[in-house]
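Every read-out reported here was derived from the displayed coordinates using simple, explicitly stated rules and does not represent laboratory data. None of the values given here were measured: they were computed from a predicted structure. Here the Cβ positions follow ideal geometry from the backbone for every residue, glycine too, while neighbour counts run over all protein chains shown.
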Amino acid sequence: MSDIKQIILGCLDGNRRDQELLYRRHSSKLFAVCLQYSGNDEEARDILQEGFIKIFENLHHYKHEGSFEGWMRRIVVNTALEKFRSRHNLYRIDDIDTITEPESDPDNEDYAGLEAIDLLYIIRELPPKYRMVFNLYAIEGYSHKEIGKMLHISEGTSKSNLSRARIILQRRVGSYTGLKKKVVNG
């Protein structure tokens, strides 16, 4: 029997040591997911806590098929979505026809020196509606139709919010890398 299967069985039996072990093994990865969907660290911790409560409550539903981490990640993302829906109106902000795309894509040089942590902070600065759609589409791989159902918005609104998020990200990445170059070059 695999190690994770033993831990899961222990958790199902109410073994506190196994529950703590499961939490310690997976909390940092799942916290990173929470950070993607939250506006700040405190909200991310709340999502993580609620997510783990749901993981433990629903552990008996896990069928030991596919990735256990993926199963937990889905629960945490859904927890973040529930929290988001309860706090934010998701009405359409922009009409997709009125959004102007940047004239050209940034050069790869624009991203030189940009680290993953920098990009995470730039994404976290997006308005909540844009951040949610961006994460679901670009990171989780959901379609606009699926995102629309999850967030109770139209497919067009999902596309509009993603387009606007990309524009904002391109501008902020350009500003950030330009600022970084000035600081480095003096």
Determine which single condition residue 129 fails, assuming it passes every other condition in (1) over 14 Å from the mean Cα position of the chain (by Cα); (2) buried (at least 18 other Cβ atoms within 10 Å of the Cβ); (3) in contact (Cβ under 8 Å) with a residue 40 or more places away in the chain; (4) part of a helix (DSSP H, G or I). (1)
Matching residues, the stretch 132-151, being outside any helix (DSSP H, G or I) and free of Cβ contacts under 8 Å to residues at least 12 places away in the same chain: 141, 142, 143
Of all residues in the stretch 152-167, how many are among the charged types (D, E, K, R) and either under 14 Å from residue 131 (Cβ atoms) or not in a helix (DSSP H, G or I) (or both)? 2
Show the residue pairs that are 6+ apart or on different chains and have beta-carbon atoms under 7 Å apart, the first residue being within the stretch 58-84 and in contact (Cβ under 8 Å) with a residue 12 or more places away in the chain, the second being acidic (Asp, Glu) and surrounded by fewer than 18 Cβ atoms within 10 Å (Cβ to Cβ). 77/140; 79/50
